[in-house]
Amino acid sequence: MHEHFQRLKSTGFFWQGTIEPIRPFRERSEALNGCSNTSTFPFQGGRKMTWHNVMKSSKLKPNKKKMKAVKGKMVMVGRQGTALFATEALCRHMRWPLAWGAKVENDCVRCPLHQTTYNLDDGSVVEWSPFPFIPAYGKLVGAMSKKKDLRIYQVRDHEGMIQVNFSPPETVDATS
């Protein structure tokens with residue numbers, strides 16, 4: 001039994017006493033064969049910078065947004081004119097998918113469910129569940145969860161692919 005466990009451990013599906021998990025075999029072999037869907041750059045600011053492919057750039061039309069799963073995270077990517085943006089996919093208020101009807105204007109995204117509005121530059125809350133049609137309802141629904149900023153991710157168009165980076169902004173060099 002001990003030998004069997006050791007063999008399984010060596011395949012990369014178990015932790016090996018470090019903080020970082022070992023990558024599964026398929027992911028390791030793709031990286032070795034150059035078939036990986038990520039671009040990895042040197043360490044900067046103590047963190048590894050990795051850009052992850054989301055979708056082909058041609059699939060995202062101007063003034064549209066899409067929700068995609070990237071490395072276990074749901075991400076909303078959008079194009080406002082020629083500018084790209086990427087955020088976490090679900091509104092922080094009631095977890096509604098922002099790609100399903102959210103309005104993007106004036107560098108902000110507004111959730112269609114209760115009208116919570118976030119700044120696309122830094123993810124800060126502009127309005128928390130105002131629900132303008134029935135203000136008392138907006139206050140009640142707004143109190144159902146704590147006010148939280150929306151996560152904003154670095155995004156770029158690189159060689160025909162839209163890519164996101166989950167590292168904090170100060171560690172990313174978009175030209176790499």
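Since every read-out is calculated from the coordinates, none of them should be taken as a lab result. Computed from a predicted structure; not experimentally measured. When we count neighbours, we look across all protein chains shown, and the Cβ atoms used for this are built from the backbone with ideal geometry, even at glycine.
Below is a table of values for the structure above.
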quantity	calculated
Lys56, Lys73 arranged by Cβ crowding within 10 Å, fewest neighbours leading	Lys56, Lys73
Proximal charge balance of Val104 [Cβ under 14 Å; K/R count +1, D/E count -1]	+4
Residue order, fewest to most surrounding Cβ atoms within 10 angstrom, among Leu60, Leu140	Leu140, Leu60
Asp149, Asp122 arranged by Cβ crowding within 10 Å, fewest neighbours leading	Asp122, Asp149
